[in-house]
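The values are calculated or read from the model by the stated rules, or taken from the named source; none is laboratory data. Keep in mind that what you see is a predicted model, and the values were worked out from it rather than measured. Ideal geometry is used to build each Cβ from the backbone, glycine not excepted, and the neighbour counts take in all protein chains shown.
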Amino acid sequence: MEFTTSPYLLKNASVQRVMLQVLAALLPGIAAYVWVFGSIILLQLVIATVTALLAEAAMLKLREKPLGLFLSDGSAIVTAWLIALTFPPLSPWWLIVTGTLFAIVIAKHLYGGLGQNPFNPAMVAFAACIVSFPALMSQWPAVGLQVSVADQARVVFGLLPRLDAISGATPLDTLKTALKLDEGSISVTQLLADQTVYGFFAGRGWEWVTGGYLLGGLFLLWRGLISWHAPTAFIAGLSLFSGALWLYNPAQFANPMFHLFSGGAMLGAWFIVTDPVSGCTTMKGKLIFGFAAGALAYLIRVFGGYPDGVAFAVLLMNICVPIIDHYTQPAIFGMKDRS
Amino acid sequence: MINREEFRSIAHNGIWKQNTSLIQILGLCPLLAVTTNMVNGVMLSLATIIVMALSNVAVASLRNFIPHEIRIPVFILIVAALVTVVDLLFNANLHELYLVLGIFIPLIVTNCIVLARVEAFAAKNPPLHATFDGIFMGIGMLWTLAVLGGLREFIGGGTLFSGIDLVFPGLSPLQLLPADYPGLLLAILPPGAFILLGCMIAWKNWVEARAAQRQPRPPIEPLAADGTN
């Protein structure tokens, strides 16, 4: 885009610079992740990154686009990291590879590449894999797992059998399963008193990882790379629904704090719904998009069949983006109103 | 009678140029629901071929007697009668498969491929042409559904020809990938059918683009206006 009138201050905001800062913003979350779940996640990040870059290169070559320009923009690496962070750290290597290939080849390049994809590639990868491999996708290692990293790597590469003992459900999943299994006989309050599920203010261990994502998100906000609209609206949507149901029946529904700092809520709020490509463009649209995604994420998470709802909520809202943008166009400067 | 050139044109239109699934994108509901394996896709296509050939010849024979204003109800009546015959045939002779295909055999009545060919071709052409059109349109559908079904069951479960024992009791399905292949369930689900059909359409466009690039030649003239509904 070339603007000619008015003297503007120019900022060197290339895609590469933006993506590098997004990667930097993910670091606090990754650090907390390593501290809570062990350093095996670093291996998954490497697998995802290598797969994403290879797939990106292959697709660019197939589509006869300049390799160097698009490979170095870092967008594929951001997608890869988001995928690795949303997949269970002990998932077999082919699961991450399948997810990443799906994201880069189908969700990104078949729709026209960077800037053209209507759906968030990382969320497409998550949705495709959780639909295809529900069991593998919901096994998370227990916090403070006593298995050496070398052995964990062997599990990832299929050299050691997958042991049920080393992995279990997420706090969100535990909550849902417990409630489903014995209807009414166990209350959420009881369950959350259990220290293996609930930490200080949210799901045990998860609270720190999601806190790291929050920190990274605030960094992006401070750098001016994302606007406050979508994340705030997402958090508002999630809190409003979870808060209302929690006040209505605290024995049946967990508190908003738990929902905000468990599962993919924080990663979704700061790194997914803020995606400039698959999200809304108008400010009002961002508010609607974020709020509806947060509300849907809560509803799918609590009443749906899958352990977390953020991915499905974001994908559903991605479809609505064109119509939201259409109806939230701001009035052109100088016009009184569009009506 | 039909001459060689007309026959070639009808066959080419049905199998490739006007392929029901890849070009006209008709009959997507049975396509999505039934092609979870190759055998289901092929058998449903066979049922559709029978219905299409018979309904095309019936409509083409009666085309000068059917009042234009009420032609659609009359077509539907003819198609529905033939589908009932096929439905009873499947129920009697291939009962196991009939239970698998379920509602999709009666639903051939509402399959837009059948009505589209009756309306666009049989109502305007002599019976023999119409019969071949029904058969070749059906063959076009058959190979597409067979490939799609094969891809879906291979990616989804590593097998080929699963369910063949329902048609030929002596045969058993092939397990192409090792038994511990986890199976990409997505391919079996409807979204997988959409994605793979999209890939097949892309492949067809690619083949055509490459052929056009290699030698630009005049296309074969279509015999009649090919409409879609």
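Residues considered: B:PHE168, B:PHE136, B:PHE194. Of these, the only one that is in a helix (DSSP H, G or I) and surrounded by fewer than 17 Cβ atoms within 10 Å (Cβ to Cβ) is B:PHE194.
Take A:ALA292 and decide whether it is at pLDDT 95 or above, under 21 Å from A:SER227 (Cα atoms) and surrounded by fewer than 22 Cβ atoms within 10 Å (Cβ to Cβ). Outline the logic, then answer.
On the way: at pLDDT 95 or above: yes; under 21 Å from A:SER227 (Cα atoms): yes; surrounded by fewer than 22 Cβ atoms within 10 Å (Cβ to Cβ): yes.
Yes.
Looking across the stretch A:73-99 at every residue that is within 14 Å of chain B (Cβ to nearest Cβ) and within 16 Å of the chain's Cα centre (by Cα), the one that is surrounded by the fewest Cβ atoms within 10 Å (Cβ to Cβ) is identified as A:ILE96. What number of residues within the stretch A:50-72 are more than 15 Å from A:GLN16 (Cβ to Cβ), surrounded by fewer than 19 Cβ atoms within 10 Å (Cβ to Cβ) and within 23 Å of the chain's Cα centre (by Cα)? Adding up the residues that qualify gives 2. Considering the conditions (1) touching a strand residue (DSSP E or B) at 6+ places or on another chain (Cβ under 7 Å); (2) over 30 Å from B:LEU184 (Cβ atoms), B:ALA60 is excluded by exactly one of them, (1). Within the stretch A:85-111, the set of residues being out of contact with any Leu (no Cβ under 8 Å at 6 or more places or on another chain) and part of a loop (DSSP other than H, G, I, E, B) comprises A:PRO89, A:LEU90, A:LEU110, A:TYR111. Look at (1) modelled with pLDDT under 90; (2) exposed (fewer than 15 other Cβ atoms within 10 Å of the Cβ) and you find that A:ILE319 fails only one, number (1). Within the stretch B:53-101, the only residue that satisfies the criterion of being under 20 Å from B:ASP165 (Cα atoms) and of a type in the set (Val, Ile, Thr) is B:VAL100. For A:ALA293, the conditions (1) free of Cβ contacts under 8 Å to residues at least 12 places away in the same chain; (2) under 26 Å from A:LEU136 (Cα atoms) are fulfilled apart from (1).
I want to confirm something. Restricting to the stretch A:139-164 and keeping residues that are within 14 Å of chain B (Cβ to nearest Cβ) and in contact (Cβ under 8 Å) with a residue 40 or more places away in the chain, which single residue is surrounded by the fewest Cβ atoms within 10 Å (Cβ to Cβ)? Among those residues, the one meeting the criterion is A:GLY158.
Taking the stated definitions as given, is B:ILE113 buried (at least 22 other Cβ atoms within 10 Å of the Cβ), in contact with a Leu (Cβ under 6 Å, 6 or more places away or on another chain) and either modelled with pLDDT under 90 or over 17 Å from B:PRO30 (Cα atoms) (or both)? Yes; evaluated as a whole, the condition is true for this residue.
I'd like to check which helices (runs of 4 or more DSSP H) are fully inside the stretch B:11-123 and have at least 3 residues that are among the hydroxyl-bearing types (Ser, Thr, Tyr).
Values: elements: B:28-34, B:38-62, B:71-93, B:95-101, B:112-117.
Correct list: B:38-62.
Filtering the stretch A:13-46 to residues that are under 25 Å from A:PRO141 (Cβ atoms) and without any contact (Cβ under 8 Å) to a residue 60 or more places away in the chain leaves A:LEU23, A:VAL34, A:ILE41, A:LEU42, A:LEU45, A:VAL46. Restricting attention to the stretch A:112-136, the residues that are more than 11 Å from chain B (Cβ to nearest Cβ) and not in a helix (DSSP H, G or I) total 9.
Take B:LEU185 and decide whether it is closer than 30 Å to B:PHE75 by Cβ, within 14 Å of chain A (Cβ to nearest Cβ) and crowded, with 17+ Cβ neighbours inside 10 Å. Against the criterion (closer than 30 Å to B:PHE75 by Cβ, within 14 Å of chain A (Cβ to nearest Cβ) and crowded, with 17+ Cβ neighbours inside 10 Å), B:LEU185 does not qualify.
The single condition from (1) modelled with pLDDT of 90 or more; (2) within 10 Å of another protein chain (Cβ to nearest Cβ); (3) within 15 Å of B:GLY156 (Cβ to Cβ) that B:PRO191 fails is (1).
If you take the residues of the stretch B:171-182 that are within 20 Å of B:LEU145 (Cβ to Cβ) and assigned to a loop (DSSP other than H, G, I, E, B), which of them is farthest from the other protein chains (Cβ to nearest Cβ)? Spell out how you get there, then give the answer.
So in the stretch B:171-182, the residues within 20 Å of B:LEU145 (Cβ to Cβ) come out as B:171, B:173-174, B:176.
Next, only the ones that are assigned to a loop (DSSP other than H, G, I, E, B) stay: B:171, B:173, B:176.
Details: B:LEU171: 29, B:PRO173: 21, B:LEU176: 17 Å.
If we take residues in the stretch B:171-182 being within 20 Å of B:LEU145 (Cβ to Cβ) and assigned to a loop (DSSP other than H, G, I, E, B), then B:LEU171 is farthest from the other protein chains (Cβ to nearest Cβ).
All of (1) more than 14 Å from chain A (Cβ to nearest Cβ); (2) in a loop (DSSP other than H, G, I, E, B) hold for B:LEU128 with one exception: (2).
For the stretch A:236-260, the set of residues classified as modelled with pLDDT of 90 or more, touching a Gly at 6+ places or on another chain (Cβ under 9 Å) and surrounded by fewer than 23 Cβ atoms within 10 Å (Cβ to Cβ) consists of A:ALA236, A:SER239, A:LEU240, A:PHE241, listed by residue number. Of all residue pairs spaced 6 or more apart or on separate chains, those with beta-carbon atoms under 8 Å, a first member in the stretch B:15-39 that is more than 22 Å from B:PHE121 (Cα to Cα) and a second member that is among the basic types (Lys, Arg) are B:THR35/B:ARG152; B:THR36/B:ARG152; B:ASN37/B:ARG152.
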